[in-house]
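Asks: Here it is, the structure, as structure tokens.
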Amino acid sequence: MGNLIWHEWSRYVSLTATVYTIWAAFWGFLYRKFFWDFVGGTLRAPGGLQPADNVAVFIDIIVKAPIVQILSMILGFGILALEYPAPFLKGTSLYRSLVMRIVVLLLQAFLAILYYQGTNGAIWSLVAVIGYMRAIMLGESMAEAKENRGRGGKA
Amino acid sequence: MGESWFHREFLNPRRLVFNILFYGLQFFFFGYGWHSQAVNTKLAALNALTWSVWTSRGAGLVLAFDGGLILVPMLRNIIRVVRPRLAWAFPADENIWFHRQVAYSMAFWAMVHTTAHYVNFFNVERTQVRPERALDIHYTQAGGITGHFMLLIMVLMYSTAHHKVRKQCFEAFWYTHHLAFFFMIGLYAHATGCFVRDSADPDYITSFPFYSTEHCLGYESWRFTIWPGIIYFGERVYREIRARRATRLSKVLVHPSGAMELRIVKPSFKYVAGQWLFIQVPDVSGLQWHPFTITSAPEDPYVSVHIRQVGDWTRGLGERVGAGPSVVAALTSAAMKGSEKDDLVYGTRGNFVELDPGRTTRPLPVVRIDGPYGAPAEDVFNVEVAVLVGAGIGVTPFASILKHIWYRQRKGNVGSLRRVEFFWVCRDAPSFGWFQSLLQEVEAAQADPNFLRINIYLTQKISEDMLWNIAVNDAGAEYDPLTLLRSRTMFGRPDWKSIYGRMREAIETGQYLPGTNSQLKTRVGTYFCGPTVLAKAVQKACVAETGANVAFTFAKEHF
């Protein structure tokens, strides 16, 4: 497969998935719905889908109060800061950790799959996770940035 | 870059017209889609969903428009045919740029459309305007399934098309971009299943297109957007057929600098100077096509390309034809020695070596070529003065053009072309040895010393030794010590502003083109191939120096 640097590609996917998830979480505040409420739910007209009683805890944290959406959005901004990267994270060991990314992306996928708008964000996060896992398997590492790199003319 | 975003997008007339047309049309379609949904009394039930359904319908129409456009710039053969006639109307060589603009728009409107639909389905489930769950619409109906699939395909295609990934691993980009096939199928099928309807349940019929247009009230946009897809598919089939026509690799020459020259005989292949082709070597890779500039002139009995062994594929090809890195390394070092010792004695930089197929155990590989495809440098014979600027490896198309000019000169048929200025800006001359030998031939064949002028600029930092070498050897020598041309090599970067300024002055005073009537406007065409930064500098000089008597035009070639 040529010389594809997997973690660089995964970064683009991860950024896309994260921006999507933040946007989805925002709409999740306005239109609150537990994605898995169809399991055991009953459809009523009018009134829509009535979730089963045994998922009441999810209804509490997604529909009654958008806690999952808020967490997902905060995490999303965190991942964005890590991936873009934010100036204060650039060059830190956290920034260069691929394992860290896999962990936060898995967490993002877990949160996003819970609410109605987040499914695609979750799937894409998993795609990025696969990319990062492949990068680790191939022994890729993020190079320590050189001080003047990328500042054409200013060096 | 120095110029502001506003300056670039709005103060450039052509760009302004494009922006108004392209984005104006998109907003028009959005508004029209919104309006036609909102006032449609048959769809009153859906209109109870209010703004979200209007937005999704408007954005859907824009996406149909973009989906119809996305393949148009990729119709390479059709562009090649219409290009000479329509070059004034649109920059046909910027087709990839246009493809990208459509893709960016598509991503934006896909976001709008998807967001609106998430709201729609949420409300459909809540109000039961149709007796179904949001989940059903998302994951069991054609519209939802294809939509989610298209989004996933877009993520994969866009992320691998990023210029960094594309440069690292062209294969990843190339293969992933063929997901476009499924994307287009998804696009054409997106509104099937009678999605926009005035009834609660879909109204299917048994004959094509399997839904009744009485109750299914979508835009039917697939009837329009499918045509570019069909034409593109037809073009790919045609390219495949054309590529299978009799092609024979007749010779492989290895130049001392390490470049391989493949000479291919394909009688059905017709091209003009400055064009490029795709080449495939099934022994190296059965699926990959790689673009190369044609370096032979149309008058030559063969088609040649020069290939440097820099990537996976080119190295594989080198191994296959028996010119692997070891062979090339030996040749290169021999040539380097030659350039130090023997040059001034023999006046040449070592010759190319022809690989003898009888000597190696395997016969020469089968090759297939596809093309030719257009490049702006075809137009050199329509101007009085042609300025050819090649930077680094970007010099390759000019091999064909210079050869072609030379052939035409011999026949006394150079059109309105009176003079040729050739600029070659490169970091280190020895790496392009094969090109030098070609330049030598062309220069030696010049009868009129003023017709072709070769200007070579060497931009690398030169060591003190080299400086002395040049200073001593250069004085009074007939040939330049570095390039072995009669023209002298210059050092450092060319100052385009003063070059063009002097050229304009010389033309205006009549020194440059003796016998020209100063009443006539002289056209000076610049043909550039190389990196963007340099292109901007040259273009700036062209624009700045254009006056009443001299018109400088600029054209850039892309890889």
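The values are calculated or read from the model by the stated rules, or taken from the named source; none is laboratory data. Keep in mind it's a predicted model, so treat the numbers as computed, not measured. No Cβ is skipped: glycine too gets one built from the backbone with ideal geometry, and neighbour counts run over all protein chains shown.
Asks: So is B:SER212 without any contact (Cβ under 8 Å) to a residue 40 or more places away in the chain and outside the structural domain of B:PHE173 (by TED's automatic domain parsing) or not?
Replies: The answer is no for B:SER212.
Asks: Mind checking which residues of segment B:205-226 are over 20 Å from B:GLY186 (Cβ atoms) and either surrounded by 13 or more Cβ atoms within 10 Å (Cβ to Cβ) or basic (Lys, Arg) (or both)?
Replies: B:ILE205, B:SER212, B:HIS215, B:LEU217
Asks: Suppose we filter A:ALA122, A:ALA81 for residues that are under 24 Å from B:MET111 (Cα atoms) and buried (at least 17 other Cβ atoms within 10 Å of the Cβ); which single one remains?
Replies: So the residue among A:ALA122, A:ALA81 that is under 24 Å from B:MET111 (Cα atoms) and buried (at least 17 other Cβ atoms within 10 Å of the Cβ) is A:ALA122.
Asks: Quick check: is even one residue across segment B:132-142 more than 11 Å from every other protein chain (Cβ to nearest Cβ) and either in contact with a strand residue (DSSP E or B) (Cβ under 8 Å, 6 or more places away or on another chain) or surrounded by fewer than 17 Cβ atoms within 10 Å (Cβ to Cβ) (or both)?
Replies: So far as segment B:132-142 goes, yes, one or more of its residues are more than 11 Å from every other protein chain (Cβ to nearest Cβ) and either in contact with a strand residue (DSSP E or B) (Cβ under 8 Å, 6 or more places away or on another chain) or surrounded by fewer than 17 Cβ atoms within 10 Å (Cβ to Cβ) (or both).
Asks: Which of the residues belonging to segment A:6-56 are over 30 Å from A:VAL103 (Cβ atoms) and part of a helix (DSSP H, G or I)?
Replies: A:ASP53
Asks: Further question on the same structure: Just checking, how many residues over segment B:520-533 are in contact with a Gly (Cβ under 9 Å, 6 or more places away or on another chain) and either assigned to a strand (DSSP E or B) or surrounded by fewer than 21 Cβ atoms within 10 Å (Cβ to Cβ) (or both)?
Replies: The total comes to 4.
Asks: Would you call B:HIS113 touching a Leu at 6+ places or on another chain (Cβ under 7 Å) and within 14 Å of chain A (Cβ to nearest Cβ)?
Replies: Yes, satisfied.
Asks: Only one of (1) surrounded by fewer than 19 Cβ atoms within 10 Å (Cβ to Cβ); (2) part of a helix (DSSP H, G or I) fails for B:HIS113. Which number is that?
Replies: All conditions pass for B:HIS113, except number (1).
Asks: Filter segment A:24-60 down to the residues that are in contact (Cβ under 8 Å) with a residue 24 or more places away in the chain and within 11 Å of chain B (Cβ to nearest Cβ) and list them by number.
Replies: Once the filter is applied, which keeps residues that are in contact (Cβ under 8 Å) with a residue 24 or more places away in the chain and within 11 Å of chain B (Cβ to nearest Cβ), segment A:24-60 yields A:ALA24, A:PHE26, A:TRP27, A:GLY28, A:TYR31, A:ARG32, A:LYS33, A:PHE35, A:TRP36.
Asks: Condition check: in a helix (DSSP H, G or I) and crowded, with 21+ Cβ neighbours inside 10 Å. Does B:THR146 satisfy that?
Replies: yes
Asks: While we're looking at this one, here's another question. Name the residues in segment B:163-180 that are more than 7 Å from chain A (Cβ to nearest Cβ) and at pLDDT 85 or above, would you?
Replies: B:HIS163, B:PHE173, B:TRP174, B:TYR175, B:THR176, B:HIS177, B:HIS178, B:LEU179, B:ALA180
Asks: Restricting to segment B:457-492, count the residues that are basic (Lys, Arg) and modelled with pLDDT of 70 or more.
Replies: So the count comes out to 1.
Asks: In the list B:PHE10, B:PHE22, B:PHE18, which residue meets the criterion of being modelled with pLDDT under 95, over 18 Å from B:ALA103 (Cβ atoms) and in the same structural domain as B:GLU125 (by TED's automatic domain parsing)?
Replies: B:PHE10
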